[in-house]
Ligand code: NI
């Protein structure tokens, strides 16, 4: 749990960098990869995790600009990746400027429960991580080698001296 704003910012920046590397691997063609025939597309999931950053923070009391045309999924993978870069930086700036270590202990209603702002901020990271995991599977299905978020993708095991990755 985050005790200080700088604890959170460190974790936020680390996870944002990992998410950025996943998003930077998208191609325009891959954005239409679907979970199943009526399911969401990879582009929609990538755009959702991006646009939800300011929406979530504004909902819990931070002043932060929402993303323009948030209800329209861009056709360009670069547009999505660039928007995430700006949104993740705007988020850390807003939190650093507007919340103190005391603010993290402040409790408010979130998802029908009483939660501290520290827990609420952790929820935002979990939301991104959840959708980032979905993205890496869809990228595989779209024929892209995904960025190894917490460990190498199968192609890179060989560089670690492992010929057959564990199942
Ligand atoms: Ni979601």
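Report the Cα centroid-to-centroid distance between the range 57-83 and the range 118-133 in angstrom, as an integer.
What the calculation gives is 16 Å, centre to centre.
Taking N as the number of residues in the chain, what is its alpha-carbon radius of gyration divided by 2.2 N^0.38 Å?
In units of the 2.2 N^0.38 Å rule of thumb, it is 1.12.
Using helices alone, I'd like the mean residue ellipticity at 222 nm for the chain: each DSSP H run of four-plus residues gives -39500 (n - 2.57), total over residue count, nearest 500.
-18000 deg cm²/dmol
Can you tell me which of 82, 24, 156 moves the most in a GNM of the chain? Springs connect C-alpha atoms under 10 Å apart.
Per the Cα network of the chain with a 10 Å cutoff, 156 tops the list.
Build a GNM of the chain with springs between Cα atoms under 10 Å: which of 92, 30, 103 gets the top mean-square fluctuation?
Highest fluctuation among the options: 103.
Of 76, 37, 66, which has the largest mean-square fluctuation in a 10 Å C-alpha GNM of the chain?
Result: 37 has the largest fluctuation of those listed.
Set the Förster distance to 22 Å, then compute FRET efficiency between residue 37 and residue 59 from the Cβ-Cβ distance, nearest 0.05.
That gives a FRET efficiency of 0.10.
Quick one: angle between helix 42-59 and the longest Cα principal axis of the chain, in degrees between 0 and 90, rounded to 10, please.
Once rounded, one gets 10 degrees.
Every number here is computed from the coordinates shown, using simple stated rules; none is lab data. No experiment lies behind these values; they were computed from the predicted model shown. Cβ coordinates were reconstructed from backbone atoms using ideal geometry, including for glycine residues, and neighbour counts include every protein chain displayed.
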